[in-house]
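Contents: one structure, followed by commentary.
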Amino acid sequence: MLDEMYMARALKLAQRGRFTTHPNPNVGCVIVNNGEIVGEGFHYRAGEPHAEVHALRMAGERARGATAYVTLEPCSHHGRTPPCCEALIAAGVSRVVAAMQDPNPQVAGRGLYRLQQEGIEVSHGLMMAEAEALNKGFLKRMRTGFPWIQLKLGASLDGRTAMASGESQWITSPQARRDVQRLRAQSHAILTTSATVLADDPKLTVRWDELSPDVQGLYPQENLRQPVRIVVDSQNRVTPEHALVQQPGETWFARTRHDSRAWPESVREILVPEHRGHADLVTLMMMLGKQQINSIWVEAGAHLAGALLQAGLVDELIVYLAPKLLGADARGLCVLPGLEALADAPSFKFNEIRQVGPDVCLHLTHA
Ligand code: AOF
Ligand code: ZN
């Protein structure tokens, strides 16, 4: 019971890093001595101290003989920072409770093993589901090499995204668009296509003023991180004049052939093999995983949505539904060529249903 209470606190602390830790995981740590919390910490940014180090610093001498609750196995490797298991050993902690093992091949059980070798009482698995939910992107990348992919869709009640003319601004409410800002800000990258850029010339940025006060309370404005903008542009159609190229943060183009125009320093090119006339999305995702991209937020049209779904690349659907009917002539959510039998239809389960202003937001994963 008490163990759960302290782990719940560590999980809560870990969440405070969710806008800033990329490509590192969110981790929280609570140190308890004789029933008293003597240290707390969370990982804030890659390159900065890990959660355990912050908590140990706060605890000082009182870490001796204490229990450390950590949401992820303490690391055993020298990365950008020294190993946390050595710091816990040096501080004289007598028990370590980890919510889960770290699948990072550089750690993968070695942190817990090392602690055990020193006679420290070690356990893992407490509130594991919650700890998993905290780092879907990091964990998927470490386990599979692929980023966690969230497909964002905005539609009318009848699943339409635009009138037949293409008119689409705005189907969902300003509140829904603010909610998107928060979810964009938590993502490591935003993926779109040249078709969307040519049609809407979006900025695809996170705007500080559009984040809610509770998010703004987590980090100062100067630490606002722009997700990497990734544009699938097989035909090199986007120009250096398009709005997203000019925004703060990086823009990466996934191309099938080199583009020799002059681009700002913040622009990178990723050459991807072609698959039936398009950039091969599976290879692209694998390459993005290699670039340490943990999570991708997709905001694009019905074609990319369908292609990602058909390639089995979508981990989560985030659907904003507005209480409007656009009729059967309006455009649909995703193009799924070749889908004829109901048995072949991609199926999901609802994980979360939230009201957002006048709209609802649905979170779905595979059934
Ligand atoms: C922990 N506590 O708070 C975090 C951990 O480059 P570094 O030194 O920051 O190491 C990054 C790796 O360390 C990361 O990939 C993950 O395996 C682990 N993150 N471990 O004990 C923490 N953030
Ligand atoms: Zn560490």
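Angle check, please: helix 281-290 long axis (alpha carbons) against the longest principal axis of the chain (alpha carbons), in degrees 0 to 90, nearest 10. Between the helix axis and the principal axis of the chain, the angle is about 30 degrees. By how many degrees, 0 to 90 and rounded to 10, does the Cα axis of helix 2-15 deviate from the longest principal axis of the chain? The two axes meet at around 50 degrees. Extent of the chain along its three principal axes (Cα atoms, max minus min coordinate, largest first): 69, 46, 43 Å. Computed from label points 7 Å out along Cα-Cβ, the spacing between ASN34 and ARG354 is 4.2 nm. With both labels modelled 7 Å from their Cα along Cα-to-Cβ, the ASP209 to ILE270 distance reads 3.2 nm. Annotation: for a label point projected 7 angstrom from Cα along Cα→Cβ of ASP158, residues of the stretch 308-352 with backbone N closer than 15 Å are 322-333. Across the stretch 103-233, the relative contact order, built from alpha-carbon pairs under 8 Å that are at least six residues apart, equals 19 percent. Note on the stretch 138-199: Cα-Cα pairs beyond 16 Å make up 62% of the total pair count.
Which of ALA155, ALA305, ALA108 moves most in a GNM of the chain, Cα contacts under 10 Å? For the chain, modelled as a Gaussian network with Cα springs under 10 Å, the answer is ALA108. Please give me the summed charge of the neighbours of LYS349: other residues whose Cβ is under 14 Å from its Cβ, Lys and Arg +1, Asp and Glu -1. Once positives and negatives cancel, what remains is -3. Considering only GLY35, GLY125, GLY306, the mean-square fluctuation computed in a Gaussian network model of the chain, springs between alpha carbons under 10 angstrom, is largest for GLY35. Contact order for the chain, expressed relative to its length and based on alpha carbon pairs under 8 Å spaced 6+ residues apart, stands at 16 percent. Computed on the Cα trace of the stretch 293-367, the radius of gyration divided by the Kirkwood hydrodynamic radius gives Rg/Rh = 0.97.
Each Cα pair under 8 Å and six or more residues apart adds its sequence gap; the mean of these over the residue count of the stretch 208-354 is a relative contact order of 14 percent. Subtracting the Cα-Cα distance of ASN223 and HIS78 from 0.36 nm times their residue separation leaves 49.7 nm of extension gain. Both radii were evaluated on the Cα set of the stretch 74-208; the Rg over Rh quotient, with Rh as the Kirkwood radius, amounts to 1.17. Taking the centroid of alpha carbons for each part, the stretch 210-253 and the stretch 313-365 are 25 Å apart.
The gain in end-to-end length when the ARG178 to ASN236 segment is fully stretched comes to 17.8 nm, 0.36 nm per residue minus the alpha carbon separation. Measure off, as a whole percent, the carbon and sulfur share of the 1.4 Å-probe accessible area of the stretch 193-273, all protein chains present. In the stretch 193-273, the share of accessible area belonging to carbon and sulfur is 49 percent. The convex hull drawn around the Cα atoms of the stretch 124-168, when projected onto a plane and averaged over every direction, covers 5.5 nm². Using the rule -39500 (n - 2.57) for each DSSP H run of four or more residues, divided by the residues of the chain, the 222 nm mean residue ellipticity is -7500 deg cm²/dmol.
May I ask for the net charge around GLY109, where only other residues with Cβ less than 10 Å from the Cβ of GLY109 are counted and Lys, Arg are +1 while Asp, Glu are -1? Within the 10 Å Cβ shell, the charges total 0. Per residue, the solvent-accessible area of the chain (1.4 Å probe, heavy atoms of protein chains only, all protein chains present) comes to 46 Å².
The values are calculated or read from the model by the stated rules, or taken from the named source; none is laboratory data. Please read these numbers as outputs of a predicted model, since none were measured by experiment. Using ideal geometry, Cβ is built from the backbone for each residue, glycine included, and neighbour counts are taken over all protein chains shown. These area figures cover heavy atoms from the full protein model, side chains too; ligands, DNA and RNA do not enter into them. Shrake-Rupley method; radii C 1.70, N 1.55, O 1.52, S 1.80 Å.
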